[in-house]
1. Report the gain in length on full extension from Met1 to Gln341: 0.36 nm times residue separation, minus Cα-Cα distance, nm rounded to one decimal.
2. Please tell me which of these pairs span more than 30 angstrom C-alpha to C-alpha: Lys352/Lys388; Lys429/Lys481; Lys28/Lys364; Lys185/Lys429?
3. Just to confirm, what accessible area per residue do you get for the stretch 304-461 at 1.4 Å probe, in whole Å²?
4. Multiply the residue gap between Lys418 and Lys481 by 0.36 nm, knock off their C-alpha separation, and tell me the result in nm, one decimal place.
5. For the stretch 60-114, what is the convex hull volume of its Cα atoms per residue in Å³?
6. Using alpha carbons only, how many degrees (0 to 90, rounded to 10) separate the axis of helix 487-497 from the longest principal axis of the chain?
7. Taking 1 over the mean of 1/r across every pair of different Cα atoms in the stretch 456-509, what Kirkwood radius in Å do you get?
8. For the stretch 1-128, what number results from the quotient of the Cα radius of gyration and 2.2 N^0.38 Å?
Amino acid sequence: MNIQQFLERELTKDLVKISGKNFPAIVKPAQRTEFGHYQANGIMGAAKALKQNPRELAKKLVSNTQARPFETEIAGPGFINITLKTDFIADALSALRSDPLLGITKPKSLKIVVDYSSPNLAKEMHIGHLRTTTIGDSIVRILEYIGHDLVRANHVGDWGAQFGSLLAYMDQLTETGQSLSTELKDLERFYQAASALFKKNQDFAEKARNYVVKLQSGDPNCIELWKQFISESIRHSQVVYKTFDITLANSDIRAESAYNDDLPTVVQELASEHSLLVESDGAKCVFLDEFKGKDQKPLPAIIQKSDGGYPYMATDLAAARYRTRVLKANKVLYVVGVEQQLHLKQVFAVAKKAGYIQKDQEYKHLSFGMVLKEDGSRFKTRDGADVKLIDVVNEAIERALALVSKKNPSLSISEKQKIARVVGIGSIKYAELSKNRTTDYIFDWDRMLSFEGNTAPYLQYSYTRIRSLFRRAEINSLEGKIEITEEAEIRLSLKILQFPEAIESTLEDYQANVLCGYLYELSGLFNTFYERCPILGSYNQTSRLILCDLTSRIIKQGLELLGIKTVEQM
Ligand code: ARG
């Protein structure tokens with residue numbers, strides 16, 4: 001049950017009864033918990049509309065007590081503080097406890113496509129892929145947990161200009177009799193050399209562009225070589241996903257090239273059915289009024305270039321068409337960096353005009369900022385190359401191993417390694433997810449690996465504390481009545497009951513930091529409870545152990561939704 005919604009419903013019912021009008025009570029968790037744990041703010045607005053004194057109206061609402069499971073009290077000019085009765089809290093905790101979903105009410109199940117990770121395949125995954133991969137994977141986990149039907153869409157770039165350059169470069173190598181390799185590290189080297197050539201050598205650029213067209217029109221030799229690049233790159237990205245506990249499987253890849261056969265149809269539909277297509281300098285474009293360049297000139301969305309090649313825009317339109325028509329998605333979320341905002345705006349706008357996005361569908365860009373170094377500069381290696389994602393993950397595990405070995409030297413090597421993996425990966429992911437998604441953030445090893453503050457190790461450690469308590473308690477079953485008396489117990493209980501609210505607020509704008517903040521507060525309240533209320537051997541040991549158990553279940557579940565594991569000891 002969502003307590004906030006329950007209170008809102010109850011008080012709104014009464015407010016409607018008293019006022020005869022449909023005013024919402026607007027219940028929010030109270031800021032100042034010493035007064036009440038929730039507050040109703042809607043009375044002011046209702047009183048204003050009714051031209052009544054807000055305190056008078058509030059008085060009526062407060063006196064209408066019947067058998068409410070909560071107490072009310074007027075505050076300030078006409079707010080109402082709400083305090084839940086402890087019996088009610090105990091019953092709600094029992095209900096939450098027996099619910100595998102921990103109190104979450106499943107919404108109507110929707111088909112949701114999440115487009116995330118989606119690296120370009122000519123090179124290794126780098127730090128630039130960290131955010132989309134981590135954020136996307138967490139969103140998918142949360143949406144799936146509450147019962148939606150998810151399609152993970154790894155829209156990898158395997159079809160664009162970069163492959164033209166790569167093919168052109170390899171062609172040159174063969175001409176000069178050098179050996180060809182499709183190992184990823186060589187491809188990466190070739191690709192860098194090819195991009196450099198593309199920029200400074202007109203002839204090469206021309207050749208590269210021809211290769212894209214050749215590839216896209218199905219030239220068998222090109223396709224053969226290209227297939228080798230792709231399978232090598234995919235093999236690499238799957239290794240990264242597995243190491244980093246990302247739920248993307250091979251079968252979630254639907255590469256840009258998968259839409260190749262649809263591209264002429266898209267062009268034709270835009271031209272004939274919707275009369276959107278205009279020729280401009282030989283290219284086929286869509287001009288929409290809302291897109292203007294710096295000079296106020298209309299900005300084209302290029303669907304087909306003059307040489308016949310299809311750019312990024314075209315595959316994205318085909319993908320939208322596929323997601324609507326074939327997948328029948330209710331929602332499509334694009335977890336893509338803020339630098340592609342204009343591109344996606346154009347995709348959505350053109351797709352709407354073309355009927356590839358319908359009125360009842362929600363297509364949304366979940367953008368994010370950059371990962372920066374501690375000095376605020378871009379994250380690059382000393383020689384200016386992108387830092388490889390796998391190196392970052394391995395470094396985190398190494399650093400965590402050093403930390404764990406220091407903290408608990410008596411553990412066996414294999415135990416330490418297992419914990420280091422969970423803590424290291426958890427640290428990177430949590431550092432990422434606990435920040436507001438839309439802004440840049442600074443990658444700081446010491447902070448993310450700290451056992452204090454809003455970090456993964458802190459939460460993982462809180463979890464192990466509870467687990468070790470249970471090992472000491474040596475009990476097999478936890479049956480008994482929940483009794484809440486102490487303030488620390490009440491506060492912890494209310495936080496536990498807010499788990500469903502935390503999930504809902506997290507999904508409002510797909511901000512995982514809301515869930516992180518919730519788990520951090522929960523752990524903090526647990527630690528206070530643990531200090532103030534004796535547990536083992538106390539008069540209500542069972543009731544308190546139930547609170548411990550619920551806390552640990554929520555931490556474990558919450559972290560899992562962020563893609564982070566827990567261990568039993570560390
Ligand atoms: N491959 C693209 C890149 O690396 C990201 C793709 C995002 N998804 C999309 N449907 N455009 O920049």
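1. 118.7 nm
2. Too far apart for the 30 Å limit: Lys352/Lys388; Lys429/Lys481.
3. Numbers: 7280 Å² over 158 residues.
Accessible surface, normalised per residue, equals 46 Å².
4. Working: separation 63, 0.36 × 63 = 22.68 nm, distance 3.72 nm.
The Lys418-Lys481 span can extend by a further 19.0 nm.
5. Enclosed volume per residue, from the Cα hull, is 170 Å³.
6. Taking Cα atoms only, the helix is inclined about 40 degrees.
7. Mean inverse Cα-Cα distance, inverted, gives 13.9 Å.
8. It is 1.51.
The values are calculated or read from the model by the stated rules, or taken from the named source; none is laboratory data. Every value quoted in this text rests on a predicted model; they were computed, and no experiment measured them. Neighbour counts run over all protein chains shown; Cβ positions are idealised from the backbone, glycine included. Each accessible area value is taken on the protein alone, full model and side chains, heavy atoms only, with ligands, DNA and RNA left out. Shrake-Rupley method; radii C 1.70, N 1.55, O 1.52, S 1.80 Å.
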